[in-house]
Structures are given as C-alpha cells and as structure tokens.
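Novice: Before I ask anything, here is the structure I am working with.
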Amino acid sequence: MKILKPIKDGKFTETNDLRNSIFLAGPCPREKDDFKNDWRFQAFDILKDLGFKGTVITPTNQDYQEYRKHDHNALTVQTKWEFETMKKCSALVFWIDRSEKHPAMTTNIEIGDWYDKEGVYVGWPTGAPKNDYIEIRLKMRKEKRIYNDLREMLKQVVDDLNRPTQMFFTSDTHFSQKRTLEYSRRPFIDVHDMDLALISNWNKRITMNDTVIHAGDFGDIKTLKEIIGNLNFGKLIWVMGNYDRTEALFIRQIIKETKRDIELKDDYQFTHTDKEKGKKITFYVVHEPKTFDTIKSGHEPTYPNEFVLFGHIHGRDFAKMNGIDLGTDYHYYTPLSMDDIMWFHNSCQYWDDNVFCQKAIV
C-alpha cells in the first residue's frame, strides 16, 4: 500500500497515476500537537489489515505552516492539489469527525460538491456534532448509506474496488482536445477541467478489474500516455475513431509504452445474455454509425437480435432503430455499464416514429 501526502522533500507531490486509489477526506488537524490524533492513522492501519494494495491519499499536511512561511501561494497550491486528487481517485471517503474545537468548515464545502456522486462514501463517529443537515441530505439520496464505523466503511470501499470484472462502454471522450470542448459546448472551464471531470467519472465507476469498450476518438496523443496512466481498467478495447485513424502509428507506439492491456480494433463484436429473457444478443461496436454497412456488407441487421453501439455524432441523433450512441456528451460524461446498455436495448422496441423520424412535422 502506498501513502500519498501533499508535500515530500519540501515540494508538492505529483498527482499522476492515482489508479486504484482512496482519498481520505474530512477534517485535518491544524495544530502540530493534534497531528498524532489524526483519524487517518487509524484508517491506514485498517486498510493495511484489509489487504488494500493501491494508493491512499491524505490531505493532511504537517509541513503546511512551515511551507506557508516561504510561499504566500501555499493555500492555493494545497487547494488545487486536493481538488485534483479528489477528481482522479477511485473512491472518495468522507469521515467527518468534527468537534467544537475543529468545526470542519472546509469539509462542508467539499462534501457539498461530492455527497450525491458515485464512488463517494460518507460517515462520522456516533455523537459527532453538527452533521444533522448532511444526514438529512444523504437520506434524501436513497442509495447513500451513512457509516458510523470507520472500519465498516473502509471494508465496503475495498470490497467495491475488488469486485468481479464488469464491462463498461464510452466513446468520443476527446481528452485534452480544445476543439471538442468548444464545438460540443461542454460545460467545463477549460481543457484541464474537462479532463479531470472525465477521469473522475471514469474512475469512480470503473475498477482495475473491469473491461472498457471505447468506440473511438479517445483524445489528443500529446497527453495520451498521461491520461491512460490515470484511468482505471483491466482491459481496454479501443475501436478506432476518425481522429484516431490519422494518428494510428503514434497511438500504437504510445500504447506499447504504457504496458497496459489495450487492443486497437476497427470494429468489435460480442454477445451478452439477457438475464430476464435468457436470450443471447449480439452487439457490434463501431465508430461511425454508417460504417456498419461497409464492415458487414450485404448483411442487414435485424432487431432485436443484433444491436449496434456507435460514437462519432456526440448524441446529436442518439437513437437508431437498431442501436445507440455511446458518446460521452449524451451520457453525462460518464461510461455506461452493461446494465445501462441492456436498458437502452430493451427500451428501443417501445420507442415510436417520433423518436426515429428525420424531420419534425407541424
């Protein structure tokens, strides 16, 4: 188990490669005499005992006050460091052991950003004061459990990160590409903000055991190695998009350097069994929806036995009669699970001509 702290050897640490990581959020001790009582020491021991093999991120900065004497920008740097590591981590754990001495005002701001997100765990010791409002808001989110035992919460985190392999789908992430940020009007401040959001949504849902099928236009090759180094997955099946094809030689070389299990494909086919109906369904993954005709020439797909998963059009015509767009723009910038794919597959048969018509009629 690796422990990542904000400052090492007088410098803020790098925030790259935070795959399979847990961020320990919540109040940090402020005075030197209090550091020995930081609840994170207990968390480290628990995670070691649970056999966690990843990275544990602590925002506690024992050198902060000394660092601030030499750099008036220290608070800004610390804040940005915490923001980035919270985004890139796989699980965000809030243990709010606030007290009258330490009201944890910063934690209130942070949890406001995160409390209803996937991959976020929240708890506090029984009797910790002034968590009533947070408790009410969490109970309004039925899927959010409140923990009062630190070990119980951390065990759930480790179990979730070690769950059996699942399959996820996405497309047209366009990491680090300013053109897509602007043309697709993505709701991010800049390219860096966009990349952090995409990484966060990916890592909070996908573990290092999972298979990801990406339907193309992954991102800028200048940052490709760094982005791949920040993403959770056991295997990545990458169906080449129109942007990717123009840089195929460079992409293959970068993938080789990452030493990760990544397969480049022109198209991809797999079968999945509908658990409710006990029926096998064939799925085809392509980038452009019209490419299906050239790849499977002379073969007309018939619903519901064959279903096409595509990208390229960024949700502008999301639903076809025999498939859906995987583009991240349409899916809240978050990869889809196999359950999501099956929901769309089974729902399509109930959509009428109002969904599939080419022109609106008045």
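Novice: Among DSSP beta bridges lying fully in the chain, give the percent that are antiparallel, nearest 5.
Specialist: Bridges in the chain that DSSP calls antiparallel: roughly 25 percent.
Novice: How large is the helix-only mean residue ellipticity at 222 nm for the chain, computed as the sum of -39500 (n - 2.57) over DSSP H runs with n ≥ 4, divided by its residue count, in deg cm²/dmol to the nearest 500?
Specialist: Value at 222 nm, helices only: -9500 deg cm²/dmol.
Novice: Same structure again: Expressed as a whole percentage, what fraction of the accessible surface of region 18-65 belongs to carbon and sulfur atoms when a 1.4 Å probe is rolled over the protein heavy atoms?
Specialist: 42
Novice: Classify region 66-176 from the C-alpha gyration tensor, please: rounded if a/c falls under 1.5, else prolate or oblate depending on whether a/b exceeds b/c. Don't skip to the end; give the middle numbers.
Specialist: On the way: a/c = 1.93, a/b = 1.09, b/c = 1.78.
Oblate, because a/c is 1.5 or more while a/b does not exceed b/c.
Novice: Compute the signed sum of charges (Lys and Arg +1, Asp and Glu -1) over the other residues within less than 12 Å, Cβ to Cβ, of residue 257.
Specialist: Here the charged neighbours net out to +4.
Novice: Can you tell me what share of the DSSP beta bridges in region 1-88 is antiparallel? A percent to the nearest 5 is fine.
Specialist: DSSP beta bridges in region 1-88 are roughly 25 percent antiparallel.
Novice: Could I ask something else about it? What does the C-alpha gyration tensor say about the overall shape of region 158-254? Classify as rounded when a/c is under 1.5, otherwise prolate if a/b is larger than b/c, or oblate.
Specialist: Since a/c reaches 1.5 but b/c is at least a/b, the shape of region 158-254 is classed as oblate.
Novice: DSSP loop trypsin sites (Lys or Arg not before Pro) in region 24-98 with at most 14 other Cβ atoms within 10 Å of their Cβ, which ones?
Specialist: Filter output for region 24-98: 30, 53.
Novice: Keeping all protein chains in place and using 1.4 angstrom, which order do 145, 316 fall into by accessible surface area, from largest down? Write down the numbers at each step before the final one.
Specialist: Values: 145 115, 316 165 Å².
Greatest to least solvent exposure: 316, 145.
Novice: To continue, here is another question. Just to verify a number: FRET efficiency for residue 71 and residue 274, C-beta to C-beta distance, R0 = 51 Å, to 0.05?
Specialist: Efficiency computed from Cβ-Cβ geometry: 0.30.
Novice: Can I ask one more? What shape does region 13-86 take by its C-alpha gyration tensor, where a ≥ b ≥ c are the square roots of the eigenvalues and a/c under 1.5 counts as rounded, a/b above b/c as prolate, and the rest as oblate?
Specialist: Taking the square roots of the gyration eigenvalues as a ≥ b ≥ c, region 13-86 is oblate.
Novice: Before anything else, pin down the relative contact order of the chain: Cα pairs under 8 Å, at least 6 apart, normalised by residue count, whole percent.
Specialist: Value for the chain: 14 percent.
Novice: On to the next question. Which of the peptides 283-289, 118-124 is most tightly packed, and how do the rest follow, going by the mean number of other Cβ atoms within 10 Å of each residue? Write out the running numbers ahead of the final one.
Specialist: Numbers: 283-289: 22.3, 118-124: 20.7.
Order by mean packing, descending: 283-289, 118-124.
Novice: Using the heavy atoms of the protein chains alone and a 1.4 angstrom probe, what is the accessible area of region 136-269 per residue in square angstrom?
Specialist: Working: 6570 Å² over 134 residues.
Per residue, region 136-269 has 49 Å² of solvent-accessible surface.
Novice: Also, I was wondering about something else. At a 1.4 Å probe, what is the % contribution of carbon and sulfur to the accessible area of region 207-267?
Specialist: 51
Novice: Still on this structure, I have one more. Within the set 235/279; 48/139; 225/259; 11/80; 11/69, which residue pairs have Cα atoms separated by over 21 Å?
Specialist: Cα-Cα > 21 Å for 235/279; 48/139; rest within.
Novice: Next question. Would you mind computing, in nm to one decimal, how far apart the modelled labels at residue 160 and residue 99 are, each placed 7 Å from Cα along Cα→Cβ?
Specialist: For residue 160 paired with residue 99, the spin-label model returns 2.8 nm.
Novice: A further question on this structure: Within 10 Å, count the other beta carbons around each residue, average over each peptide in 105-114, 323-332, 131-140, and list them highest first. Don't jump to the answer; show the numbers that get you there.
Specialist: Working: 105-114: 15.1, 323-332: 22.3, 131-140: 13.4.
Top of the packing list down: 323-332, 105-114, 131-140.
Novice: Using a 1.4 Å probe and ignoring any ligands, DNA or RNA, find the accessible area of residue 150 and quote it in Å² to the nearest 10.
Specialist: Roll a 1.4 Å probe over it and residue 150 shows about 10 Å².
The values are calculated or read from the model by the stated rules, or taken from the named source; none is laboratory data. Every value quoted in this text rests on a predicted model; they were computed, and no experiment measured them. Neighbour counts are summed over all protein chains in view; Cβ atoms, including those assigned to glycine, are modelled from backbone coordinates with ideal geometry. What goes into the accessible areas is simple: the full protein's heavy atoms, side chains included, and nothing from ligands, DNA or RNA. Shrake-Rupley method; radii C 1.70, N 1.55, O 1.52, S 1.80 Å.
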